[in-house]
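Reviewing the structure listed below.
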Amino acid sequence: MAIHIMDEANRCLNCKKPRCMEGCPVHTPIPHIIQMFKEHKVMDAGAELFQNNPMSVICSIVCDHEQQCAGHCVLGKKGNPVHFSSIENYISDTYLDRMKLQIPEEKKKPVAVIGAGPAGLTVAIILAQHGYKVTIFEQQDKIGGITRYGIPEFRLPKSILDRLEKQILAMGIRIRPHTAIGTVLTIDDLFRDGYASVFVGTGVWKARNLGIPGECLANVHFGIDYLENPAAYDLGEKVAIIGMGNAAMDVARTALRNGALQVTLYARGTHVAANSHEMAYAELDGAQFVFGKAIERITETGPVFKTSVIDENNKVVGYEEGEDQVEADSTIIAISQGPRNRLIRTTVGLEGSDKGLLIVDENEMTTREGVFAAGDVVRGSKTVVHAVEQAKKAAVAMIAYMEKES
């Protein structure tokens, strides 16, 4: 592995205007990191990666590299781009267990972080490094959010999150598991108990339904729910998946690893929302793809489709007469998800959009003073690195807000 990534590092042209950095949402200083790696300064490189992106070890695995760093590499124009992700993963993984962060002993104001996903963890780490007393409130039993409960083990080993948790605890960050704010406890209770500001990074965990007959049948499930705990489901041998996004690819690959023998994904048109690598992996695992099928309803024996009429521009312009009944033991709907609205319902002054996403200003503050938010709960389902990008901005704004209030 080390020899392979050293060869990859040696391919870097060290461009004066590195397009790879432009393609990265958090502008990782890629050429500088590669140069430190080549000089065997692995720990220094790891420290710089962590300071720029506390989720670096995770992003190195799950980022859409073909659209970001690798996709912008100048070498990719005529050949193979530098695969910085493999270099980043080696450095970040090596650094993770050895990091020694300087955390101020004298604690500043207490801060509450709701949600231990990528956005919440990023904010918690940054604030702890600035001396704030941070408590994370997480509804699940473990940290990670979507990275633990929405990304399969074969893509992102949960042991990485466990190792990260040890470092988070070593920073003095406290975690309250099985505590969902907006149920027994509210944001008002947090302010009552002395928290100077609150960060919301609760993600999007409410599955989007199709609004068609059959969604309540026993053999119908939602993708986001299935990925949270695949072992709880008995899907049978034939599985139909409605949707072709990245989550749908994860569902397909997970189902094939948990006993399904035939997994087919269906799309209304010809567009695939998933990136090409994820689709290629799903195909290698044995998933099949069917285009031009619009779901009408679901029965005990499987989904029922109409065949789409597609024009020369690959747009759906109508549907053929008749219906196609597909035989499937289980049908999984994986078209997208949105936020749960319990925080909006239980917090005076906290407003959301028509989609239920939290409304924030240019500093990531919500419509409730002292409450900040970032990540999927603000901008909808996006990548881990986009959540980190927004969370870094929110953390800076929170510090400015609390210092102003002092």
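Please treat every number below as a calculation from the coordinates, not as lab data. This one's a predicted model, so the numbers in the text were calculated from it and none came from an experiment. Glycine gets a Cβ as well: all are built from the backbone with ideal geometry, and neighbour counts include every protein chain shown.
Report the dimensions of region 264-375 along its three principal axes from the alpha-carbon atoms, largest first, rounded to Å.
Sorted largest first, the three principal extents are 54, 32, 31 Å.
Picking from C24, M279, M43, whose Cα lies most toward the positive end of the charge dipole for the chain (charges on Cβ: Lys, Arg +1; Asp, Glu -1)?
In the chain, that residue is M43.
Can you give the net charge of the other residues whose Cβ lies under 13 Å from the Cβ of R253, counting K and R as +1 and D and E as -1?
Numbers: positive: R155, R257; negative: E153, D250, E278, E283, D285.
In short, -3.
Could you please report the charge total around N52, scoring K, R as +1 and D, E as -1 over all other residues with beta-carbon less than 14 angstrom from its beta-carbon?
Details: positive: K392, K393; negative: D44, E48, E88, E389.
The answer is -2.
Looking at (1) 59, 55, 43; (2) 72, 47, 35; (3) 70, 55, 38, which value of Cα extents along the principal axes in Å comes from a calculation on the structure shown?
(3)
Grab the Cα-Cα distance for E237 and H271, subtract it from 0.36 nm times how many residues apart they are, and report the gain in nm with one decimal.
Values: separation 34, 0.36 × 34 = 12.24 nm, distance 2.67 nm.
This chain segment gains 9.6 nm when fully extended.
Taking 0.36 nm per residue of separation and subtracting the Cα-Cα distance, what length does fully extending D311 through Q102 add?
Details: separation 209, 0.36 × 209 = 75.24 nm, distance 6.06 nm.
Answer, rounded to one decimal: 69.2 nm.
In nm, give the distance between the simple-model label positions of E323 and D188, each being 7 Å from the Cα along the Cα-to-Cβ direction.
That separation, rounded to one decimal, is 4.8 nm.
Where the eigenvalues come from the Cα gyration tensor of region 190-235, what are the semi-axes √(5λ) of the equivalent ellipsoid, largest first, in whole Å?
Values: eigenvalues 245, 41, 15 Å².
Semi-axes (√(5λ), whole Å): 35, 14, 9.
How high is the FRET efficiency between H4 and E283 when r is their beta carbon distance and R₀ equals 22 Å, given to the nearest 0.05?
Numbers: r = 25 Å, r/R0 = 1.14.
With a Förster radius of 22 Å, E is 0.30.
Among DSSP bridges having both ends in the chain, what percentage is antiparallel? Round to the nearest 5. Present the calculation step by step, with values, prior to reporting the outcome.
Details: 16 of 47 bridges.
Bridges in the chain that DSSP calls antiparallel: roughly 35 percent.
Per residue of the chain, what 222 nm ellipticity follows from adding -39500 (n - 2.57) for every DSSP H run with n ≥ 4, rounded to the nearest 500? Write down the numbers at each step before the final one.
Details: 17 runs with 152 residues, N = 406.
Calculated from helices alone, the mean residue ellipticity at 222 nm is -10500 deg cm²/dmol.
Sorted by average packing, counted as other Cβ atoms within 10 angstrom per residue and highest first, what order do 230-242, 307-319, 251-263 take? Could the numbers behind the result be given before it?
On the way: 230-242: 18.2, 307-319: 12.2, 251-263: 20.4.
Result, highest mean first: 251-263, 230-242, 307-319.
Using unit Cβ charges (K, R positive; D, E negative) and no other charged atoms, how large, in debye to the nearest 20, is the dipole of region 118-186 about its Cα centre? Can you show the working numbers first?
On the way: 9 positive and 5 negative charges, 21 e Å.
Approximately 100 debye in magnitude.
Explain nothing, just the number: dipole magnitude of the chain about its Cα centre with +1 on each Lys and Arg Cβ and -1 on each Asp and Glu Cβ, in debye rounded to the nearest 20. Before the final figure, lay out the partial values.
Values: 43 positive and 50 negative charges, 252 e Å.
With Lys and Arg at +1 and Asp and Glu at -1, about 1200 debye.
Given 4 °C and 1.567 mPa s, how large is the Stokes-Einstein diffusion coefficient of region 119-165 in µm²/s, with Rh as the Kirkwood radius over Cα pairs?
Details: Rh = 11.7 Å.
It diffuses with D of about 111 µm²/s by this estimate.
When the convex hull of the Cα atoms of region 1-140 is projected onto a plane and the area is averaged over all directions, what value comes out in nm²?
Working: hull surface 38.3 nm².
Convex hull of Cα atoms, orientation-averaged projection: 9.6 nm².
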